[in-house]
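First the structure, in the form of structure tokens, and then the observations on it.
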Amino acid sequence: MYGALDISTSGMIAQRTRLNAISANIANRNAVLDAQGNVNPYRARRVHFAPGDPSARSSTGAALGVHVAKIEIDNSPLNMRWDPGNPLAYQSGEKQGYVPEPNVNPIVEQINALDASRAYEANVVAAEATKSIISQALRLLA
């Protein structure tokens, strides 16, 4: 029975990590310069899950939970905005006059955030139901 709580908990932790990555993507959607002041647009982060939860306390939870396998930088092409007067625009080559911008689509990020928050809520409901079942079982034994 405690394995079910481990499963729900691992799901909540995984979705919280996903929401943190989405939040970082939205917060940095206009970041074109890196910490040294060079043109190096922010690249979106993507969270990948894998089955199993190595940190679970029970073997059932470890076998059936979920964990964050990796957080990967999205290497899709950067967005390019035509602005030849911008000092950050490319000055030569085929990209001359274009300003590179992060590959973050705020609409996609909002949809991903909604999906992650709903999955988090579903895990909370599952954990509450499991706690209720355990509580009822203990009342029957007493």
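The values are calculated or read from the model by the stated rules, or taken from the named source; none is laboratory data. What you see is a predicted model; the values in this text were computed from it and never measured. Backbone-built Cβ (ideal geometry, glycine too); neighbour counts: all protein chains shown. These accessible areas exclude ligands, DNA and RNA; they are computed on the full protein's heavy atoms, side chains included. Shrake-Rupley method; radii C 1.70, N 1.55, O 1.52, S 1.80 Å.
Scan the stretch 61-74 for residues that are in a loop (DSSP other than H, G, I, E, B) and either open to solvent by 70 Å² or more (accessible area, probe 1.4 Å) or modelled with pLDDT under 95 (or both) and the total you get is 1.
Of all residues in the stretch 80-106, those that are charged (D, E, K, R) have Cβ atoms under 8 Å from Cβ atoms of residues that are open to solvent by 80 Å² or more (accessible area, probe 1.4 Å), 6 or more apart or on another chain, in Arg81/Tyr98; Asp83/Tyr98; Glu101/Asn30; Glu101/Arg81.
Filter the stretch 113-124 down to the residues that are open to solvent by less than 40 Å² (accessible area, probe 1.4 Å) and in contact with a helix residue (DSSP H, G or I) (Cβ under 6 Å, 6 or more places away or on another chain) and list them by number. Reasoning before the result, please.
Narrowing the stretch 113-124 to residues open to solvent by less than 40 Å² (accessible area, probe 1.4 Å): 113, 116-117, 119, 123.
Listed by number, the residues that qualify are Ala113, Ala116, Ala119, Asn123.
How many residues are surrounded by 13 or more Cβ atoms within 10 Å (Cβ to Cβ) and not hydrophobic (A, V, I, L, M, F, W, C) if we restrict to the stretch 24-48?
The number of residues fulfilling the criteria is 9.
The residues of the stretch 80-98 that are surrounded by 13 or more Cβ atoms within 10 Å (Cβ to Cβ) and either under 27 Å from the mean Cα position of the chain (by Cα) or at positive phi (or both), listed by number, are Met80, Arg81, Gly97. Checking Pro77 against (1) surrounded by 11 or more Cβ atoms within 10 Å (Cβ to Cβ); (2) on the phi < 0 side of the Ramachandran plot; (3) not β-branched (Val, Ile, Thr): exactly one of these is not met. Which one? It fails just one condition, (1).
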